[in-house]
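To keep things clear, I will list the structure first and then write my remarks on it.
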Amino acid sequence: MKIGKLNHRISVLEHRTVTDEIGNHMTKWEEAFSLWACVTTKNATEDSDTGVIKEVQTLEFLVRQSPSVFQISSTNFRIGFGGNIYDIVGITPFYDHNSYMKIQASARKAGVPDDIN
């Protein structure tokens, strides 16, 4: 794998609990870090839900392994890419090259509010 193929910048968002100025606890998705990735489309389908047709897209992000990447889990992290938010479906090592990992993520469902700050 040539490093030049990692040509897209992605943001890794982490689910965190923060305290506002009066002491209320709120949960937010905040950018934990960003990194370069090779992005490929794995699946794209159209789904009709209550008469509204929407596209469901699954992408695969190939990233270099690092200590911060090893902390990513599907429950506490999401990916921001190209103005869209993707829920992480799976994380697997890329066995052809031990220094890379594959992160598979799918587009968020319509109607779910974004709480990114």
Being farther than 22 Å from ILE10 by Cβ and acidic (Asp, Glu) is the filter here, so list the residues in the range 41-69 that pass it. GLU46, ASP47, ASP49
Might you check whether a residue that is at pLDDT 90 or above and farther than 18 Å from ALA107 by Cβ occurs anywhere in the range 40-47? no
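Okay, residues lined up against (1) among the acidic types (Asp, Glu); (2) more than 16 Å from PHE77 (Cβ to Cβ); (3) surrounded by 14 or more Cβ atoms within 10 Å (Cβ to Cβ):
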{"residue": "LYS28", "(1), (2), (3)": "no, no, no"}
{"residue": "PHE33", "(1), (2), (3)": "no, no, yes"}
{"residue": "CYS38", "(1), (2), (3)": "no, yes, yes"}
{"residue": "THR41", "(1), (2), (3)": "no, yes, no"}
{"residue": "GLY51", "(1), (2), (3)": "no, yes, no"}
{"residue": "GLU55", "(1), (2), (3)": "yes, yes, no"}
{"residue": "ARG64", "(1), (2), (3)": "no, yes, yes"}
Give me the strands (runs of 3 or more DSSP E) completely within the range 22-113, filtered to those with at least 1 residues that are on the phi < 0 side of the Ramachandran plot, among the aromatic types (Phe, Trp, Tyr) and over 12 Å from the mean Cα position of the chain (by Cα), ordered by residue number. 25-49, 100-107
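Can you pull out the residues in the range 83-101 that are among the aliphatic types (A, V, I, L, M) and touching a Ser or Thr at 6+ places or on another chain (Cβ under 9 Å)?
ILE88, VAL89, ILE91, MET101
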Anything in the range 70-93 that is surrounded by fewer than 18 Cβ atoms within 10 Å (Cβ to Cβ), of a type outside the set (Gly, Ala, Ser) and farther than 16 Å from HIS8 by Cα? List them, or say none. PHE70, GLN71, THR75, ASN76, ASP87, VAL89, THR92, PRO93
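The values are calculated or read from the model by the stated rules, or taken from the named source; none is laboratory data. These numbers were taken from a predicted model, which means no experiment stands behind them. As a convention, Cβ positions derive from the backbone with ideal geometry for all residues, glycine included, and neighbour counts pool all protein chains shown.
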